[in-house]
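Trainee: Take this structure first; my questions come after.
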Amino acid sequence: MMNGCSAALGLVSLLVACGGRTGLLEGSAGVGFSAGASGIGGGDSGNGGNAGQLATACRVRSMSEFALASTKHAAGRMALGPDGNIWFVEEDGNNIGRITAAGAITEFSIPTAGSAPTDITMGVDNNLWFTEIDVGRVGRITVAGQITEFQTAEWDSFPYGIAAGPEQSLWFAELNGHRIARITTDGAISEFGISGTSAVVPSAIAAGPDGNLWFTGATAGKAHVGRMTTTGSYSDFRLPSVDSAPGWITVGSDGNLWFAEWQQAVLGRMSVQGALTELPISDAAYDIALGPDDKLWFTERSAGKISCMTTAGAVSEFSVPTADAAPAGIVGGLDGDVWFTERTLNEAKIARITLEP
């Protein structure tokens, strides 16, 4: 079967990015700088601090790594579970994984072969929900590891990002078909077409503080952030760079939407009114999450770094302990730590960042 991400990329070339050892960071403040924000839209000029002034956004005490059984089981996106553990998808391994605070890893095989799990989130029912891009399904896994799968209307809908949202439901983006879909906790699926713009391909999704769904997407030669109400009403916000490839998205402690731009070295920040600010970083970000310290943490795959940004734009960067490792998914834990996934050609790991108090 054709890889779902590859097939979707045939629709929009902008989404080309779809594609226990302790580190040596004891007491490290990382490399810090202030990002001068450029405001775009709605008159929002941002608050990036004094450009060029050294700033320390956060301090890392140490990093610890925990190896997965095989590089074929390399992990991607992550979610905090209702049990306090960290859950993650293994797209190539066709598994859902779980790691405890002590570093114990358990893997649960998805019943449908070749499903390519892509994103995962905690649902309002205290289960974990995930997308299966290559078979057009959404999966649910209990904390005990029991998996149930729900088929979308079309096997090639390519469900991608998923988030818990309004109406006690989960909401997910379908790369093929240009739709945002809702699934109830008993598996009933409704789909809403994206209207008013030419064939936007939605990718990542988050529930906004305004009760709407916010998602990133692209069309040929354009990059978008979209907002959809629970009744399917759609608003479109165009990004200035046509090939920025906006990706994973989250809500910050400031009530704004924050997102990575896979092809551009900036983080995007958008208010619920649609005002955009882009804050420069040293390398393109892949995943982004709100940390337990109320800062935005993000992975820089090609640079092999983990970085954090305050809502005012101050940045700190930290190299991962394993040379040539590409960090991918990232999430904040209940233990006050930040967790991320990483892989090299020969190793696949889950890593924990312990912050300075």
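The values are calculated or read from the model by the stated rules, or taken from the named source; none is laboratory data. Because the structure is predicted, anything quoted here is derived from the model rather than measured. Reconstructed Cβ throughout: ideal geometry from the backbone, glycine too, with neighbour counts over all protein chains shown.
Trainee: Out of all the residues in the range 193-201, is one or more within 22 Å of the chain's Cα centre (by Cα) and at pLDDT 95 or above?
Mentor: Going residue by residue through the range 193-201, those that are within 22 Å of the chain's Cα centre (by Cα) are 194, 200-201.
Now narrow it down to the ones that are at pLDDT 95 or above: none.
Looking for residues that are within 22 Å of the chain's Cα centre (by Cα) and at pLDDT 95 or above, one finds none in the range 193-201, hence no.
Trainee: In the range 271-282, is there at least one residue being surrounded by fewer than 19 Cβ atoms within 10 Å (Cβ to Cβ), within 18 Å of the chain's Cα centre (by Cα), in a loop (DSSP other than H, G, I, E, B) and on the phi > 0 side of the Ramachandran plot?
Mentor: No: the range 271-282 contains no residue that is surrounded by fewer than 19 Cβ atoms within 10 Å (Cβ to Cβ), within 18 Å of the chain's Cα centre (by Cα), in a loop (DSSP other than H, G, I, E, B) and on the phi > 0 side of the Ramachandran plot.
Trainee: Right, next: Quick check on the range 164-182: of everything there that is within 18 Å of residue 87 (Cβ to Cβ) and not aromatic (Phe, Trp, Tyr), which residue is surrounded by the fewest Cβ atoms within 10 Å (Cβ to Cβ)?
Mentor: Looking at residues that are within 18 Å of residue 87 (Cβ to Cβ) and not aromatic (Phe, Trp, Tyr), I get 164.
Trainee: OK, next. Return yes or no: is residue 231 at pLDDT 95 or above and hydroxyl-bearing (Ser, Thr, Tyr)?
Mentor: Considered against the rule, which asks whether it is at pLDDT 95 or above and hydroxyl-bearing (Ser, Thr, Tyr), residue 231 comes out as no.
Trainee: Can you pull out every residue in the range 305-341 that is more than 25 Å from residue 279 (Cα to Cα) and either assigned to a strand (DSSP E or B) or acidic (Asp, Glu) (or both)?
Mentor: 324, 335
Trainee: Scan (1) under 30 Å from residue 148 (Cβ atoms); (2) in a strand (DSSP E or B) for the single condition residue 167 breaks and write down its number.
Mentor: Against the list (1) under 30 Å from residue 148 (Cβ atoms); (2) in a strand (DSSP E or B), residue 167 comes up short only on (2).
Trainee: Still on this structure, I have one more. Which of (1) touching a Phe, Trp or Tyr at 6+ places or on another chain (Cβ under 8 Å); (2) over 16 Å from residue 287 (Cα atoms); (3) surrounded by 23 or more Cβ atoms within 10 Å (Cβ to Cβ); (4) of a type outside the set (Phe, Trp, Tyr) is the odd one out, the single condition residue 201 does not satisfy?
Mentor: It is condition (1) that residue 201 fails.
Trainee: Could you please let me know if residue 142 is within 27 Å of residue 347 (Cα to Cα), of a type in the set (Ser, Thr, Tyr) and surrounded by fewer than 24 Cβ atoms within 10 Å (Cβ to Cβ)?
Mentor: no
Trainee: Continuing with the same structure: For the range 82-104, which positions are surrounded by fewer than 20 Cβ atoms within 10 Å (Cβ to Cβ) and either touching a Leu at 6+ places or on another chain (Cβ under 7 Å) or farther than 19 Å from residue 354 by Cα (or both)?
Mentor: 82, 83, 84, 92, listed by residue number.
Trainee: Collect the residues in the range 186-209 that are touching a Ser or Thr at 6+ places or on another chain (Cβ under 7 Å) and over 17 Å from residue 236 (Cβ atoms), keeping them in residue-number order.
Mentor: 189
Trainee: When residues of the range 115-164 are filtered for being in a strand (DSSP E or B), under 20 Å from residue 218 (Cα atoms) and in contact with a Pro (Cβ under 9 Å, 6 or more places away or on another chain), how many remain?
Mentor: 5
Trainee: Taking the range 213-240, which residues are polar (S, T, N, Q) and surrounded by 24 or more Cβ atoms within 10 Å (Cβ to Cβ)? Lay out the reasoning, then the answer.
Mentor: Going through the range 213-240, the residues polar (S, T, N, Q) turn out to be 216, 219, 229-231, 233, 235.
Hit for the range 213-240 is 216, nothing else.
Trainee: Of all residues in the range 295-315 being among the small types (Gly, Ala, Ser) and crowded, with 24+ Cβ neighbours inside 10 Å, which is farthest from residue 329 (Cα to Cα)?
Mentor: Checking each candidate, the answer is 313.
Trainee: Follow-up. Considering the range 142-167 alone, what residues qualify as being in contact with an Asp or Glu (Cβ under 6 Å, 6 or more places away or on another chain) and of a type in the set (Val, Ile, Thr)?
Mentor: 143, 162
Trainee: Is it the case that residue 243 is surrounded by fewer than 17 Cβ atoms within 10 Å (Cβ to Cβ) and either in a loop (DSSP other than H, G, I, E, B) or over 19 Å from the mean Cα position of the chain (by Cα) (or both)?
Mentor: Yes, satisfied.
Trainee: Assess whether residue 76 counts as being assigned to a loop (DSSP other than H, G, I, E, B), of a type outside the set (Asp, Glu), under 15 Å from the mean Cα position of the chain (by Cα) and closer than 25 Å to residue 343 by Cβ.
Mentor: Against the criterion (assigned to a loop (DSSP other than H, G, I, E, B), of a type outside the set (Asp, Glu), under 15 Å from the mean Cα position of the chain (by Cα) and closer than 25 Å to residue 343 by Cβ), residue 76 qualifies.
Trainee: Residues of the range 187-226 being farther than 21 Å from residue 157 by Cβ and part of a strand (DSSP E or B), which ones?
Mentor: From the range 187-226, those farther than 21 Å from residue 157 by Cβ are 208-212, 221-223, 225; that's our starting set.
Answer for the range 187-226, where residues must be farther than 21 Å from residue 157 by Cβ and part of a strand (DSSP E or B): 222, 223, 225.
Trainee: Provide a single number: the residues in the range 210-219 that are of a type in the set (Gly, Ala, Ser) and under 13 Å from residue 235 (Cβ atoms).
Mentor: Going through the range 210-219 one residue at a time, the tally reaches 1.
Trainee: Oh, and also: Between 187, 193, 161, which is among the small types (Gly, Ala, Ser) and buried (at least 19 other Cβ atoms within 10 Å of the Cβ)?
Mentor: The conditions single out 161.
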